[in-house]
Structure formats: C-alpha cells, structure tokens
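Enquirer: So that we are looking at the same thing, I have put the structure below in structure tokens.
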Amino acid sequence: MNKFDFGIVGLGVMGRNLLLNIASHKFAAAGLDLDTEKVNSLQQEADADHTIEATTDVKHFVELIQKPRAIMLLVPAGKPVDSAIASLLPHLDQGDIIIDGGNTYFTDTDRRFLELSAKGIHFFGMGISGGEKGARFGPAMMPGGDQKAYERLRPIFEAIAAKVDGEPCVEYLGNGSAGNYVKMVHNGIEYGIMQLISEIYDLMKRGYNLDEDTIQKTFEEWNQTDDLKSYLIEITGNILKQKDEDGSRLINKISDWARSKGTGKWTSQNAMDLQVPIPTIDAAVFMRDMSKTKPERIEAAKQLVWNANETNVNPSEAIAALKSALYFSIVVTYAQGLAQLHTASKEYNYGLNLETVAKIWRGGCIIRANALEDFRKAYAAKNDLPNLLLDAGIASKLTDNQAGIRSVIQFAVQQGLPVAGLMNSLAYFDAYRSENLPTNLIQAQRDYFGAHTYERIDTTGVFHTQWSE
C-alpha cells in the first residue's frame, strides 16, 4: 500500500493511454474504473516494464497511492466529475491532490477549487491536448491550481509530456481554473483553424477546380514550409490521401454534418462576456451549427441561386494566394485567442504568462505549429503584449501576406462560396488597424433613441444631445 506514484480514475481511451505513458516512464501508476472489463484489459497489458495496478474498488485504489496522493480524473465533464470526487473524498487526507483532466467549463473548476480547498484538498483543472496518441506518447498539458502543490505533480508531468527542443510541453499556468480556461481557448483556436483549412480546401475544389491529387499534394507540401508546418495541416494531407474500400477517396463520402462538443461555443460565449472580439472563432462555431441545417440547405440550394461567371485562373498563382490567405488567417486566429487569454488573466486573476502558453502549445497538442515559436518570442520580448498583431515581426509577416487573403476573398465572393472564417479574419485585421471606426455613428444613434450619452474627441466628459423635437 501507498507505493504508487499516481492514480487515474477513468480507464477509457485517454485514461488508459495516459496511465500507460506514466508507467512507461518508470512511475508506478494505479487505475480505477467501475467497468471490470476495462480494469482487466489494462491489467493484462501491464508487463515487467510497467508497474500498474487497476481496480474497481475505490478504497483500495486510494490506499495504493503514496501521500500526498495525486489522483487524476478522466471522466466526462459535469456531474460525473462531482460524483467521482464524492466517491474519493471519504478516503482522502488533507494535502492530497485531485486533478480534473477533462474539458471542464472553467467556472465549475472554480467552484470545485473552493469547495475542496475548504476540506484541505488541492484541486487542479488541467487541460490535456493531443488525443489518444498524445496521451500515450506525449501530450501538451495545461495545469492550474495551487503552485506549491504542483511540485508533487511536476516530475511526473514533465516526464510524460511532449518535448520540443528538450523542453516539456507542460508548466504551471496560474491560479484556480487557469488550466481549464487555457484549454478552452486552445479548443476555440482549434475550431477556427479547422474552419479555415476547410474553406481553403473548398476553394481549391469548387472554386479553382484543382484536381484531387493537386489538392492533396499541396497540403502535404505546405506542411514542409516554415509558415504552415503544423499538426492540422499535416493530418489534412493524410486525410485527403485516404482511400475507401472501392479505391475512391474517402473524404468525398463523409457527411458535411459536423459535430461538436461545445468547447468552441464556451470560448465564444466567454469572449462576449469579456468584450473581447474573436470573430474567426465565432464564425467557426456558427459554421458548425450551419452544417446541421442540411435538409434546409438542400432546399435552399434550389432557390437561392447565384450564377457565377467563369474565370480563368493560373493554378500556381491561385495556390500561392491560398497559402498566403491561410497563413494570414491562422495567425489572426491565434492572435484573437491569445488576446482573450490576456484579458481573462486580469479579469480572473490567473497570472498567466503567455510566453509559457505558447511554449506549451508548440508540441503535443492539436494546434501545435511552427508559428508558435514566433509567438513565444513575441511574448518573451514584451510579456504584457495585449495582442500579437502589435509585435513588429508578426505585423510585418501579416502585411506581406494580406494581398493573398484579399484576392482570395474577392474570388470567393464572385463565385458565391462561403468563407466566413477568412472574411472574419480579414475584418478583424482591418478593424484592429483602423485608428477610427464608424462606431461614432452608433454612439450618436444610441443617444438619439435612448439618451445613452456619448463622449467627444475635442473635450472630456459625457454628453447628451436633444436630437429632435
């Protein structure tokens, strides 16, 4: 008893693989699941190189782990997390640590943090990214909670995390729900980038009429470039290569009715609460929702017709413009998410270091990309940078690539193809670089119909005008 270094509750895909990862790094790992089959399966997989024990008995599981105990929950968000905590509490001692490794909404983590702190239990909300393969061989991990208690977890987490240039893709992020919040925004950025890639793919196929081999090879080639090398570009090239049983491309048989688990929506909702604009991520969420209107879209396609003019396009010029547009919009999407983290850190007292966030995201996670090294350097140079677009190096790259996205959007509009992500990325860029916006008229309108007052540019104070009799 009390000889195991770490415990995991929930031996599904993520829990099982993370536990095996821990054991592979010579830490003794205990697993708990109410499903006997999962317990037996994991036990059978353990060998002489893995110190593993799995059980269905909560009391026995807790007794296996050395004090102060470190136990991670990998169960569905919501009530299952509260139920798992309730089952563990009678067997825990003060100073023990519970880590929620799921995609939990950050306010739930704040509640649990306070409730468990009152009982002397440390609670961590930790985002984990990398999927099944990442969990087994090296994820990115985003922990938030009590900094001193993190020292109990650090050796294990640093050992099992993905590595970039020898640096582990895990680090203490901040107070309370900081870890879950960073993971939520990570997922919002993920939504945005996936939407942008899908729009570029659609333009290649339905807009520029490129053949499928060219489209697939283009994504493959882009993943070899400094600007676009990333996990999501890499898997896009692999997906477009996949053949079905009949030899045809599998992508052409997959429904366009996209599913979602809600983390992108959480990002958008909270950004609105904070009054932080993230229009590319918002557009990605609304396009997921639009995909679910398939029966209506089938009918609308018959009635809402646009007869586009045929255009002669040079394929190599089109691909170059698309590459610029994709790079531009991806960077703008990261900028939106990181700006949200900048504001949230102050609002919720997280104490985030965005250089650390960029460092963690460079490897293991779904949004890992070469560009994150540029972002890390930007925050290293100015740790309180409110927006990546204000960094001189990044601003220069976006300026150099803006001609591509402008031409691509013009083409898309002429062809009647939906590019909400690209459009919102450019709109954000153009709004952010505008010293003056037409919202002065909105201020006047609000005062006209509701006496909401306004400020002037030629003097200080708050004013109201009697606009009409």
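The values are calculated or read from the model by the stated rules, or taken from the named source; none is laboratory data. The structure displayed is predicted, hence computed values, not measured ones. Cβ: placed from backbone, ideal geometry, glycine included. Neighbour counts: every protein chain shown. Ligands, DNA and RNA are stripped out before the accessible areas are found, and what is left, the full protein with its side chains, is counted by its heavy atoms. Shrake-Rupley method; radii C 1.70, N 1.55, O 1.52, S 1.80 Å.
Enquirer: How would you rank 369-378, 419-428, 113-122, highest first, on the average number of other Cβ atoms within 10 Å across their residues? Each step should come with its number before you reach the end.
Expert: On the way: 369-378: 20.0, 419-428: 23.6, 113-122: 15.8.
With the highest mean Cβ count within 10 Å placed first, the list reads 419-428, 369-378, 113-122.
Enquirer: Let me ask something else. Tell me whether segment 279-344 comes out rounded, prolate or oblate; compute the Cα gyration tensor, take square roots of the eigenvalues as a ≥ b ≥ c, and use a/c under 1.5 as the rounded threshold.
Expert: On the way: a/c = 3.91, a/b = 1.22, b/c = 3.20.
Judged from the Cα gyration tensor, segment 279-344 comes out oblate (a/c at least 1.5, b/c at or above a/b).
Enquirer: Can you pull the semi-axes for segment 6-172, root of five times each eigenvalue of the Cα gyration tensor, sorted largest first, whole Å? If you can, show how the numbers build up before the last one.
Expert: Working: eigenvalues 93, 77, 43 Å².
They are 22, 20, 15 Å, listed from largest to smallest.
Enquirer: Mind checking the full-extension length gain between residue 435 and residue 305? Use 0.36 nm per residue of separation minus the Cα-Cα distance, one decimal, nm. The partial results should precede the final answer.
Expert: Numbers: separation 130, 0.36 × 130 = 46.80 nm, distance 3.83 nm.
Length gained, residue 435 through residue 305: 43.0 nm.
Enquirer: Using modelled backbone amide H atoms (1.01 Å from N, in-plane), which distant-in-sequence or interchain residues come within less than 5 Å of residue 249's amide H?
Expert: For residue 249, whose amide H was placed from the backbone, the distant partners under 5 Å are 244.
Enquirer: Looking at the chain only, what percent of DSSP beta bridges run antiparallel? Nearest 5 please.
Expert: Just about 30 percent of them are antiparallel.
Enquirer: Cα centroid distance between segment 1-66 and segment 144-182, in Å?
Expert: Computed from Cα coordinates, the inter-centre distance equals 21 Å.
Enquirer: Beta carbons within 10 angstrom, averaged per residue: use that to sort the peptides 173-184, 266-277, highest first.
Expert: By packing density, highest mean first, the sequence is 173-184, 266-277.
Enquirer: If contacts are Cα pairs under 8 angstrom and at least 6 residues apart, what is the relative contact order of the chain in percent?
Expert: 13
Enquirer: Non-local amide H neighbours of residue 73 (under 5 Å, H modeled in plane, Pro and chain starts lacking H): which ones?
Expert: Distant-sequence amide H within range of residue 73: 9, 99, 100, 101.
Enquirer: Here's something else I'd like to know. Hey, what did segment 183-433 get for relative contact order, percent, Cα under 8 Å, at least 6 apart?
Expert: Once divided by the residue count of segment 183-433, the mean separation gives 29 percent.
Enquirer: Which of rounded, prolate, oblate describes segment 265-390, given a ≥ b ≥ c as roots of the alpha-carbon gyration tensor eigenvalues and a/c under 1.5 marking rounded, otherwise prolate only if a/b is larger than b/c?
Expert: Here segment 265-390 falls in the oblate category.
Enquirer: Could you provide, to the nearest whole Å², the per residue accessible area of the chain with probe 1.4 Å? Can you show the working numbers first?
Expert: Working: 22670 Å² over 469 residues.
So the chain comes to 48 Å² accessible per residue, rounded to a whole number.
Enquirer: Under the Karplus relation 6.51 cos²θ - 1.76 cosθ + 1.60, θ = phi - 60°, what is the ordered set of whole-Hz ³J(HN,Hα) values for segment 185-194, x standing for Gly and Pro?
Expert: With the stated coefficients, segment 185-194 comes to 5, 3, 5, x, 4, 4, 3, x, 5, 4 Hz.
Enquirer: Under the definition of Cα pairs under 8 Å and six or more residues apart, what whole-number percent is the relative contact order of segment 335-469?
Expert: Here the relative contact order equals 13 percent.
Enquirer: Moving to a separate point now. Report D for segment 311-469 in µm² per second (integer): Stokes-Einstein, Kirkwood Rh on Cα pairs, 10 °C, 1.306 mPa s.
Expert: For the chosen part, D equals 85 µm²/s.
Enquirer: Using the per-residue mean of other Cβ atoms lying within 10 Å as a proxy for protection, in what order, highest first, do the peptides 341-348, 329-336, 195-202 fall?
Expert: Descending packing order for the listed peptides: 329-336, 195-202, 341-348.
Enquirer: With the full set of protein chains in place, find how many percent of the accessible area of the chain is carbon and sulfur; take the probe as 1.4 Å. It would help to have the intermediate numbers written out before the result.
Expert: Numbers: 11520 of 22670 Å².
Carbon and sulfur atoms account for 51 percent of the accessible area of the chain.
Enquirer: Beyond 21 Å, what share of the Cα-Cα pairs of segment 1-86 is found? Please give it as a whole percent. Mind dumping the intermediate values first?
Expert: Working: 712 of 3655 pairs.
Distances greater than 21 Å cover 19 percent of the Cα pairs.
Enquirer: State the three equivalent ellipsoid semi-axes of segment 192-241, derived from the C-alpha gyration tensor as the square roots of 5 times its eigenvalues, in descending order and whole Å.
Expert: Semi-axis lengths for segment 192-241 are 16, 13, 9 Å.
Enquirer: Per the Kirkwood definition applied to all pairs of different Cα atoms, how many angstroms is the hydrodynamic radius of the chain?
Expert: Value: 24.4 Å, from the Cα pair sum.
Enquirer: Need the C-alpha centroid separation for segment 338-388 versus segment 300-336, integer Å.
Expert: So the two Cα centres are separated by 29 Å.
Enquirer: Under 30 Å from the Cα of residue 38, which lysines turn up, not counting those fewer than eight places away in the same chain?
Expert: Once the sequence-local lysines are set aside, what remains near residue 38 is 3, 26, 59, 67, 79, 133, 163, 183, 261.
Enquirer: Taking 1 over the mean of 1/r across every pair of different Cα atoms in segment 347-429, what Kirkwood radius in Å do you get?
Expert: Values: mean 1/r = 0.0675 Å⁻¹.
After inverting the pairwise mean of 1/r, the radius is 14.8 Å.
Enquirer: Now for a separate question. Under the Kirkwood approximation applied to all pairs of distinct alpha-carbon atoms, what is the hydrodynamic radius of segment 183-433 in Å?
Expert: That comes to 18.9 Å for segment 183-433.
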